[in-house]
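Enquirer: Pasting a structure below so you can have a look.
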Amino acid sequence: MQVTTSKSEGLESATTFLQGNVGVVMARPAALPLLQEWGTMMTADPKLWEQAAFNDLIHRGGGVPDGDHPDLFRGYDGRLSIGTLPVSLFCNGHTNFVQRLPETMGLKPFSLHAIYQYSAEAGKRHRFREILAWNDSPEYYDPPGGLLAFDVNVSAYLDAAAPTSPDMQLDNFAGHFRLVNHQLQAIRVALAVASVLGRTLIMPPMWCGADRWWAPHSGRIPPSQFHLPFICPLDHVLDLEAMQKKMPEAMFGPHIAFREWTLLDNPRMPSSFKAEALQIKTCQEGDHKCATTIDGTQQLSQDNELRLPAQLTDIQLAERLQPYASRKILWFQDVVSAFGGHKQHADAEKFERRAKSFTGIWCCIDQKPVGHIWYDMFWDVIPHEDKHNRLIDKPWQPLVGP
């Protein structure tokens, strides 16, 4: 991981160079012998990591500063002047999607290399979609059954979310887990509602109090520097591969499609969809604002708002919202209070099996042999079994492993 030393669009300082990433290599004709030797090495040993081979070559017999140029060093047996492209313009998956260097420095990156990310290809695509940099077909923005959006108020959890010391022990991350768990509760309920209504779920922005890595850290991948808490990529918390996996509906209930939190800001999104979104609030049964007409529908307010009694079952919710099935977007302002669960236990079990698989891990505290903690989609349900079949019969606490 690298912290940028370039304050504009210049090269990084040569004194900070350790291992270069070969996602983008710019070479002049004088570097042709280097590239030819690199290719020969890879042909001779297909198992050789091309990036390690490249770094071995450029460091060979070199590494000394190049005269009066602090951003260059002599490498490849002293035959070439070599510099490091600025990580704020030629970004990896951390400098762009986590540190947000181009945004904070007022720059527009030339390239984005989706490393330092999770959930494999699904995670890469979702990150590009979150920053409006993925070219999807028109059908992506107008899925069958419509869209479902929801709000999550995290304001009460942000101030205490970040670690307060360089400590790499579990207590230092308590605020991070409180913040993430609050959002997971709302996401779980929203997933259930989307499943009941046959709609595609628009995920909210995911806030994290700490970074994610493959090794112990105290809140950020060292030596990066950025503000905590932050809007983290969704793959920091959820397993996007599992969420996209096709599972037998007889065992796991209906597939639940989802979209990125920036979907409605995408210029490819029809502007009328967001403008006509039906806002859904909850109310107390018997309140005059919950009154319905003879046919069971409700007169909508001028601001396109519908009020529903709180804690409706899946069947009740589907019936109440059936008259609005043609609406492109249903937007719940408090989805947790709106949904009271599945009426049939079998349906609840199917959904639970599916949703349990959606969570990923947070890594890591400084503990051997393992220091990672699995997020739990049903953390607030007591009792329950987590995705590893561990019985949770007390208020949730982070469990290391498996």
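Enquirer: Give me the pairs: first residue in segment 15-44 and within 16 Å of G62 (Cα to Cα) and without any contact (Cβ under 8 Å) to a residue 40 or more places away in the chain, second residue loosely packed, with under 14 Cβ neighbours inside 10 Å and among the polar types (S, T, N, Q), beta-carbon distance under 8 Å, and six or more apart or on different chains, which are they?
Expert: Q19/Q51
Enquirer: Further question on the same structure: If a residue has to be within 19 Å of D376 (Cα to Cα), touching a residue at least 60 places away in the same chain (Cβ under 8 Å) and buried (at least 21 other Cβ atoms within 10 Å of the Cβ) to count, how many in segment 163-179 make the cut?
Expert: Number satisfying all stated conditions: 3.
Enquirer: Right, L48: part of a loop (DSSP other than H, G, I, E, B), more than 21 Å from the chain's Cα centre (by Cα) and without any contact (Cβ under 8 Å) to a residue 60 or more places away in the chain or not?
Expert: When the stated conditions are applied, L48 passes them.
Enquirer: Can you list residue pairs whose Cβ atoms sit under 6 Å apart, with the first residue in segment 314-327 being of a type in the set (K, R) and the second being buried (at least 16 other Cβ atoms within 10 Å of the Cβ)? Count only pairs 6 or more apart in sequence or on different chains.
Expert: Matching pairs, first to second residue: R320/L308; R327/L278.
Enquirer: To continue, here is another question. Exactly one condition in (1) in contact with a Leu (Cβ under 7 Å, 6 or more places away or on another chain); (2) farther than 25 Å from H217 by Cα; (3) in a loop (DSSP other than H, G, I, E, B) is false for A355; which is it?
Expert: (3)
Enquirer: From the list L72, L85, L112, which one is in a strand (DSSP E or B) and in contact (Cβ under 8 Å) with a residue 60 or more places away in the chain?
Expert: Sole residue among the options that is in a strand (DSSP E or B) and in contact (Cβ under 8 Å) with a residue 60 or more places away in the chain: L72.
Enquirer: In segment 195-239, which residue that is basic (K, R) and under 27 Å from M105 (Cβ atoms) is nearest to the chain's Cα centre (by Cα)?
Expert: R212
Enquirer: Right, next: Can you tell which of T5, T15 is more than 30 Å from C232 (Cβ to Cβ), modelled with pLDDT under 90 and among the β-branched types (V, I, T)?
Expert: Selected residue: T15, the only one of T5, T15 that is more than 30 Å from C232 (Cβ to Cβ), modelled with pLDDT under 90 and among the β-branched types (V, I, T).
Enquirer: Regarding segment 25-36, can at least one residue be identified that is touching a strand residue (DSSP E or B) at 6+ places or on another chain (Cβ under 7 Å) and either surrounded by 14 or more Cβ atoms within 10 Å (Cβ to Cβ) or at pLDDT below 90 (or both)?
Expert: Yes, some residue in segment 25-36 is touching a strand residue (DSSP E or B) at 6+ places or on another chain (Cβ under 7 Å) and either surrounded by 14 or more Cβ atoms within 10 Å (Cβ to Cβ) or at pLDDT below 90 (or both).
Enquirer: Filter segment 163-182 down to the residues that are in a helix (DSSP H, G or I) and not hydrophobic (A, V, I, L, M, F, W, C), then identify the one that is nearest to W362 (Cα to Cα).
Expert: Looking at the filtered set, the residue picked out is H176.
Enquirer: Residues to consider are K387, K343, K350; find the one that is assigned to a helix (DSSP H, G or I) and either in contact with a strand residue (DSSP E or B) (Cβ under 9 Å, 6 or more places away or on another chain) or surrounded by 14 or more Cβ atoms within 10 Å (Cβ to Cβ) (or both).
Expert: Criteria check complete, one pass: K350.
Enquirer: Applying the selection to segment 152-162, what residues are surrounded by 14 or more Cβ atoms within 10 Å (Cβ to Cβ) and either among the charged types (D, E, K, R) or part of a helix (DSSP H, G or I) (or both)?
Expert: Within segment 152-162, Y157, L158 meet the criteria.
Enquirer: Being under 19 Å from the mean Cα position of the chain (by Cα) and either farther than 14 Å from G401 by Cβ or of a type outside the set (V, I, T) (or both) is the filter here, so list the residues in segment 355-371 that pass it.
Expert: Passing the criteria: A355, K356, S357, F358, T359, G360, W362, C363, C364.
Enquirer: Mind checking which pairs have a first residue in segment 237-255 that is within 14 Å of A192 (Cα to Cα) and a second that is assigned to a loop (DSSP other than H, G, I, E, B) and at pLDDT 95 or above, Cβ under 6 Å, 6 or more apart or different chains?
Expert: M243/F358
Enquirer: I've got another one for you. Does L107 qualify as being at pLDDT below 95, at negative phi and either among the polar types (S, T, N, Q) or surrounded by 12 or more Cβ atoms within 10 Å (Cβ to Cβ) (or both)?
Expert: yes
Enquirer: What single numbered condition from (1) more than 27 Å from R188 (Cβ to Cβ); (2) at pLDDT 95 or above fails to hold for H113?
Expert: Only one criterion in (1) more than 27 Å from R188 (Cβ to Cβ); (2) at pLDDT 95 or above is unmet by H113, namely (2).
Enquirer: While we're looking at this one, here's another question. For I382, indicate whether it is under 26 Å from M168 (Cα atoms) and part of a loop (DSSP other than H, G, I, E, B).
Expert: no
The values are calculated or read from the model by the stated rules, or taken from the named source; none is laboratory data. A quick note: this is a predicted structure, and the numbers were derived from the prediction, not measured. Cβ coordinates were reconstructed from backbone atoms using ideal geometry, including for glycine residues, and neighbour counts include every protein chain displayed.
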